[in-house]
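Input: a single structure, listed below in structure tokens.
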Amino acid sequence: LYILPLCLAAWRIGLGACLAIAAIIAGIATSVALLVNHEISGPLSIVHFVLLTLMLGLVSAIVTSFRSRYDRDRDDASLDAMTGALNRKGFLARADAMLAQASVQRRALLLAFIDLDGFKSVNDRLGHAEGDRVLSQFSKGAMRELRRVDCFGRLGGDEFAVLTPLESESAAETHVGFIHRRFTDVLASTGHDVTCSVGALVILPDIGRPTAEWILEADRLMYVAKREGRNRVSIALADTSRPSLTPFVARQPAAATRRRAI
């Protein structure tokens, strides 16, 4: 009767706590055995307790080992092997969860679609190995600049995305400007003339659409930034029934924004 609950506990709370639970269960079982069977002596009860504890501990260790392997396989399946960022599947899964939570909390989110400017020339001139180094260095640097609550992923090629909670709707331009400047600095550290164009979408909590659809909208905004000269931010409010955002003026001369309705 106690093996199944112990296995469930091992799966959920880990080995350390389950070893303590195993010892408690063994102690209770030994006490019950002493009460039921008066022929069990003191030394025999100690042996019974130790053997039962070891058996339950072994079961806990096996279950937690399976859980660790399951978690590793799940994490590996959601990560991009080269950059260490979330892959497209992992990003969509986590972003959908963030959208659901933001809807409950009545909190706006900012989705930024990032495309690297000039990256193709690095691949063409210096080869894919150098291009991979740029992508890897950019991803690691970008993740260092973001908060733990932010969701960052590589969607494919030199396209990345960030989903981040906003303190308020009005903070969107300032926040995406911060992201653009920090990511531009990270790209500059690669030693190549590579910048980024960003399409940013402010998602309000009362619009129920999956992340994949929002990515398409943010992608369109990114191409607006590309057409206007690259190394820019194009930002829009997802809900056209609400007042539009105030214009954002980037601090870096190379960066600018354009606002339009989706």
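Each value in this text was obtained by applying a stated rule to the coordinates, not by laboratory testing. Fair warning: this is a prediction, and the values are worked out from it, not measured in the lab. Every residue, glycine as well, gets a Cβ built from its backbone with ideal geometry; the counts of neighbours run over all protein chains shown.
Under Stokes-Einstein, with the Kirkwood radius over Cα pairs as Rh, the value for region 122-232 at 37 °C and 0.692 mPa s is 218 µm²/s. Taking amide H atoms as placed 1.01 Å from N in the peptide plane, the amide H of Ala85 lies under 5 Å from those of Asp80, each 5 or more residues away in sequence or on another chain. Computed from backbone phi with θ = phi - 60° and the Karplus coefficients 6.51, -1.76 and 1.60, the 3J(HN,Hα) list for region 88-100 is 4, 4, x, 5, 4, 5, 5, 5, 4, 5, 5, 4, 5 Hz; x is used for glycine and proline.
For Ala108, nonlocal amide neighbours, meaning residues 5 or more places apart or on other chains whose placed amide H falls under 5 Å from its own, are Leu166.
DSSP loop (so not H, G, I, E, B), at most 10 other Cβ within 10 Å: list which trypsin sites (Lys or Arg not before Pro) in region 80-113 pass both filters. Show your work: numbers first, answer last.
Numbers: sites: Arg88, Lys89, Arg94, Arg106, Arg107; in loops: Arg106, Arg107.
Loop-located and lightly packed - Arg106.
In order along region 54-60, phi translates into HN-Hα couplings of 5, 5, 5, x, 5, 4, 4 Hz, rounded to whole numbers, per the Karplus curve 6.51 cos²θ - 1.76 cosθ + 1.60 with θ = phi - 60° and x for Gly and Pro. Output the Kirkwood hydrodynamic radius of region 167-209, Cα pairs only, in Å rounded to one decimal. Mean inverse Cα-Cα distance, inverted, gives 12.2 Å.
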